[in-house]
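Okay, so here's the structure we're looking at.
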Amino acid sequence: MQSTGMNENLQVSGEYSLRQLVFRTFASAISQTSNLHTSSLEFVYDVQSDIPDKLLGHSSHVRDILKCLINNALKNLTLGGSVRHDDGRVTVSCKLLEMTNESVLLQYCVSDTGDAIRQDKLSLLFEYFQAEDPPDAHDPAVNSFLHRAATRARAIGGNIWAYSESNKGNRVFFTNHPQVIRSFNPTCLDSSSQFPNKTILFIDSLHDQTGVANQIRSFGLNTVVVHDVKSLTDPAGHPRPDVVVTDSVTAVERARAFDHLRWVPIIFLASQIPCQDLKWCIRNNILSHQYLTTPSSDESLFTALVAGLSTHIEPSGPSYNILLAEDNPIHRGVITKILETYGHKLQFAEDGLAAVKIHKKGCEERSQRFDIILMDIVMPVMDGFEATKQIREHEKRMGLPLVPVIGLMVVSACGISKAVEVGMSTYLPKALIKKDLMHTIDQLLSKENGGILSKRCVPFY
């Protein structure tokens, strides 16, 4: 039955952008692991510039294989949510092996710098792959990620193999043989009603040495060119763009600081590759990564622009004022990146006593009252339990509504009992998962806003 289902899936073949597929799959996999964002792990993306971007094939299977191999690499580098290799790196690459007028032979590689797998165990894993019966998922010798990847690779007619070297880590390869789509016609954008009156903002720090602005205009799109990010400080002076294109890392970071550009899709173009690490792309909500080692082809730029114009990342719903009490700068950075991505405003307290004082001041200045408090338990001067207790006593004394407090703790029966005793609304484990944090905030605050979920954007990874 499983085989039949897979054959049916393989009958569906469609067009896709190679770079969008690899980039988004990689970014999606690592963005779901929030505790890795501020670790020293690197996530490197490398698709050779000579590979055609517009392909025809079974993209869902390629995406599934990549996702499995990336998860396997993360498993090799982490244990129980903690990073085991401070200098670890995961690399996803794709290179061209052969090309004809009709098709390309591609070789993908997902590598990690984790502990090398012994050669005898590596061989054993692939013996399981070759078995007709699915392996026992409870067998410790079986790697479910690799088994699924191998099954999918065989289904699309590809090969899959692995190498493992001591002090170098692991590399898993697979091949794919999609067709190439040569019939590119950018004039279709002019006749399409899907993108009427769209504006592209090109932040051009290199003074358009590559002719990008003229390319964008040739697609029938209104193009605004600026050479200095400072000119964007006055949003009234420029039409609100639908997509931002830029060739500068600095421009990306400065543009995201402006409220009117915070949620606009950004396409990053580079003659060199300064943002190989995907963490940077995720932090800045980069939509697409295009390489301009030579002037970008009409096809690759057009594909990226269409992806940007088709993406809605405008946030909706309320934006919350959140007090974060956390003394650890690394943990504080992780939580800050998550919450700021969804448009929330944060204030910080580095110990429990500071949290109590900031909360009291916020109550006095009603416009600054907090919607929710994230409270670490173990902090200097005053711990999170005592801080929550004093906050509750102040609210009761002043007749104020209770601000929801989420305790951040190493979960234990004693800790949970204490959290209830001092009046915490709920708790989360210290090794935060992004979706759990946002879901908890939604549960606590959505009822106060007529059932509207907390401010978030439609994910584009």
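The values are calculated or read from the model by the stated rules, or taken from the named source; none is laboratory data. Not measured: the values here are computed from a predicted model. Ideal geometry is used to build each Cβ from the backbone, glycine not excepted, and the neighbour counts take in all protein chains shown.
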For this session: Would you be able to tell me the number of residues in the range 409-428 that are surrounded by fewer than 13 Cβ atoms within 10 Å (Cβ to Cβ), of a type in the set (Gly, Ala, Ser) and under 34 Å from the mean Cα position of the chain (by Cα)?
Result: 2
Problem set entry | Pick from the range 262-284, criterion closer than 28 Å to Ile181 by Cβ and surrounded by fewer than 20 Cβ atoms within 10 Å (Cβ to Cβ), ranking: modelled with the lowest pLDDT | Cys275
Exercise. Can you tell which of His359, His344 is crowded, with 21+ Cβ neighbours inside 10 Å and either of a type in the set (Lys, Arg) or over 24 Å from Ala257 (Cα atoms) (or both)?
Worked result: His359
Exercise. What about Ala413, is it of a type in the set (Gly, Ala, Ser), assigned by TED's automatic domain parsing to the domain that holds Glu326 and either at pLDDT 90 or above or touching a helix residue (DSSP H, G or I) at 6+ places or on another chain (Cβ under 8 Å) (or both)?
Worked result: no
Seminar exercise, completed: Counting only helices (runs of 4 or more DSSP H) entirely within the range 103-219, those with at least 1 residues that are at pLDDT 85 or above and not aliphatic (A, V, I, L, M) are 144-155, 212-218
Seminar exercise, completed: Glu395: passes all of (1) crowded, with 16+ Cβ neighbours inside 10 Å; (2) outside any loop (DSSP other than H, G, I, E, B); (3) in contact with a strand residue (DSSP E or B) (Cβ under 8 Å, 6 or more places away or on another chain) but (3)
